[in-house]
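Okay, structure first, notes after.
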Amino acid sequence: MAGSPRDPPSRQSEATTAFSLMPELAEVEYFRRQWDCGLGQKILRVQLHARKRVFRGSNTRALGHDLTGSHFLRSESWGKQMLFEFSGGNPEIIGAREKIRSWIGIHLGMTGTLRVEPSDFCPEKHDHLVLRQTKRALVFRDARLFGRVRFHHGKSAPDWWRAGGPDIHSAAFDRAFFDGFLKRHARAPIKSVLLLQSGFAGIGNWMADEILWRAKIAPLRTAGSLSSTRRDRLFRETRFVAIESLRIISPAFGDPPRDWLIHQKWKRNGVCPRHRTPLCKAMIGGRTTVWCPLCQR
DNA sequence: CAACCTGTTCGCCA
DNA sequence: ATGGCGAACAGGTT
């Protein structure tokens, strides 16, 4: 498991439990960068498992046709979404309109990964998309098929890109937006609201619990019940966890700091990192939620 | 071996 | 019309 070149680095908490990989904000950014070594290079061949669920709603024929012969130009991520841009591709299209581009959008779902393999790489069962270049293969793997690959061909980025809320680490994610979003979902548990990608782009299950623990807010409290003081804390800790995760995890899949809640979350008998109180566990918003009953109110 | 886990979408309901 | 919620999806892991 750990150490295989085709798996991302595995994390190991100080106990025996390795916690599973769930691509959230910083992990997505880490995976996006894995394909950077292929930037500027030509795509010689495209291999894909056209009937797999990850391609739902996408024209796989057009994807294969238009990416073949194109150059990988750039990529960006937004929340848990990634966008990869390629030059027009097939010669006849380039000749017609040189500004036409091809784009693929990738969402990693729960088990998706992006990685690079040598040029003699042979795709396995779960390697649903492989972009072959002269010196390497860019690979998308997803065992559970909750991920998604979208395709777009045109002069500008597709409509489905940037359809959601602002980046948490951007100026657009301000108190006015934050307060408005909480007000709009006033009757839902705050844990559920933190998982809504239209307001908290990139926040997933572990980040949401980490944020609530730091802000000392119980996950079942409704968004509308939070005082201005509590919203201050929540806003600040949301930004802190997002920015710190990006700083620590994205470059090399680093471990979050030892005193973060996530290290306790997957243990059978996890305790609050502040005062070692046993943590509570429950299903909130359809997700396993862990919190400290002492400091989170 | 069957239940479990998980992010997003979809349909239903208030 | 809008938002909250549970089911469905898939398959490796327990």
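The numbers here are math on the coordinates, done by the rules we state, and not lab data. This one's a predicted model, so the numbers in the text were calculated from it and none came from an experiment. Cβ coordinates were reconstructed from backbone atoms using ideal geometry, including for glycine residues, and neighbour counts include every protein chain displayed.
Could you calculate, for the range A:207-274, the ratio of the Cα radius of gyration to the Kirkwood radius, expressed as Rg to Rh? A ratio of 1.00. Judged by the gyration tensor of its Cα atoms, with axes a ≥ b ≥ c, the range A:154-285 is oblate; a/c meets the 1.5 cut and b/c is at least as large as a/b. The charge dipole of chain A, taken about its Cα centre with unit charges on the Cβ of Lys, Arg, Asp and Glu (plus for the first two, minus for the last two), comes to roughly 820 debye.
When only the Cβ of Lys, Arg, Asp and Glu is charged (+1, +1, -1, -1), the dipole of the range A:167-295 relative to its Cα centre reaches about 500 debye. Take the Cα of residue A:228, step 7 Å toward its Cβ, do the same at residue A:144, and the gap between the two points is 4.2 nm. Per-residue Cβ neighbour counts within 10 Å put A:240, A:200 in the sequence A:240, A:200, beginning with the fewest.
Between residue A:125 and residue A:276, residue separation times 0.36 nm minus the direct Cα-Cα distance comes to 50.0 nm.
Dividing the alpha-carbon radius of gyration of the range A:118-179 by the rule-of-thumb value 2.2 N^0.38 Å gives 1.68. The stretch between residue A:295 and residue A:179 holds 39.4 nm of extra length on full extension. This uses 0.36 nm per residue minus the Cα-Cα distance. In chain A, helices alone account for a calculated mean residue ellipticity at 222 nm of -7500 deg cm²/dmol, with every DSSP H run of four or more residues adding -39,500 (n - 2.57). Within the shell defined by Cβ-Cβ distances under 9 Å, the residues around residue A:105 carry a net charge of +2, with Lys and Arg each +1 and Asp and Glu each -1. With a Förster radius of 30 Å applied to the beta-carbon distance between residue A:50 and residue A:198, the computed FRET efficiency rounds to 0.50. Rounded to the nearest 20, the Cβ-based charge dipole of the range A:27-76 about its Cα centre (Lys and Arg +1, Asp and Glu -1) stands at 340 debye.
For residue A:39 and residue A:62, the FRET efficiency from 1/(1 + (r/R0)^6), where r spans their Cβ atoms and R0 equals 22 Å, is about 0.45. Applying a DSSP loop filter and a limit of 13 other Cβ atoms within 10 Å to the GluC sites (Glu not before Pro) in the range A:92-192 leaves A:98, A:124. Projecting the Cα atoms of A:50, A:196, A:110 onto the charge dipole of chain A (Cβ charges, centred on the Cα centre) puts A:196 farthest toward the positive pole. Over chain A, the ratio between the Cα radius of gyration and 2.2 N^0.38 Å evaluates to 1.08. Within the shell of other residues whose beta carbon sits under 10 angstrom from the beta carbon of residue A:287, the net charge comes to 0, with Lys and Arg scored +1 and Asp and Glu -1.
Considering only A:151, A:226, A:215, and ranking their Cα positions along the charge dipole of the range A:130-280 that arises from unit charges at the beta-carbon of Lys, Arg, Asp and Glu, the one farthest toward the positive end is A:151.
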